[in-house]
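The values are calculated or read from the model by the stated rules, or taken from the named source; none is laboratory data. All values reported here derive from a predicted model rather than from experimental measurement. Every residue, glycine among them, receives a Cβ derived from its backbone with ideal geometry; neighbour counts consider all protein chains shown. The area values use the complete protein model at the heavy-atom level, side chains included, leaving out ligands, DNA and RNA. Shrake-Rupley method; radii C 1.70, N 1.55, O 1.52, S 1.80 Å.
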Amino acid sequence: ALLESWPDFRAATDRSNRQVLAPLTRGDLVTVSALPAVAEEALFRGCVVPALGGGPLGVIVSGMTFGALHVGGGRNAAFAAWASAVGCLYGACAVGCGDVSVAIAAHAMANYASATMW
């Protein structure tokens, strides 16, 4: 629904996915879904959130930073806004469950789902 209602987000998503996903096999998709999830969640939710006290401030700062770093490579401010919101959700999951592996799993599944749906 978001892709349909937000043209800038859809355009950025399509550009980014075309660059990264078009030449990949299904097995490759598993790899490119899981590896960024592990690395990004370990950094943003495993390190940044605890470094900022492990509460709402850490969740928001890590989410906003995560989003800001998702500009470029065909991705625009609309994509960064989406990534910020999702980053905050991943942070809330990690804090709420007390385990960054929950955020890693959610991120990897979201990456895989969006890649296969694209």
With every protein chain left in place, what is the accessible area per residue of the range 1-117 in square angstrom, probe 1.4 Å? 53
For the chain, what is the mean residue ellipticity at 222 nm derived from helices alone (per DSSP H run of n ≥ 4: -39500 (n - 2.57); sum divided by total residues; nearest 500 deg cm²/dmol)? -24500 deg cm²/dmol
Mean Kyte-Doolittle of at least 0.0 and a Cα length of 24 Å or more along the axis: which whole DSSP H helices of the chain meet both? 26-43, 77-97, 100-117
What number in nm² do you get for the range 1-72 if you take the convex hull of its Cα atoms and divide its surface by four? 6.0
Could you order peptides 22-31, 82-91, 103-112 by the average number of other Cβ atoms within 10 Å of their residues, highest first? 82-91, 103-112, 22-31
Any idea how far the Cα center of the range 92-110 sits from the one of the range 51-71, in Å? 14
Approximate spin-label separation A42-L2, in nm, with each point projected 7 Å along Cα-to-Cβ: 2.6
Pop out the carbon and sulfur fraction of the accessible area of the chain as a percent, whole number, probe 1.4 Å. 70
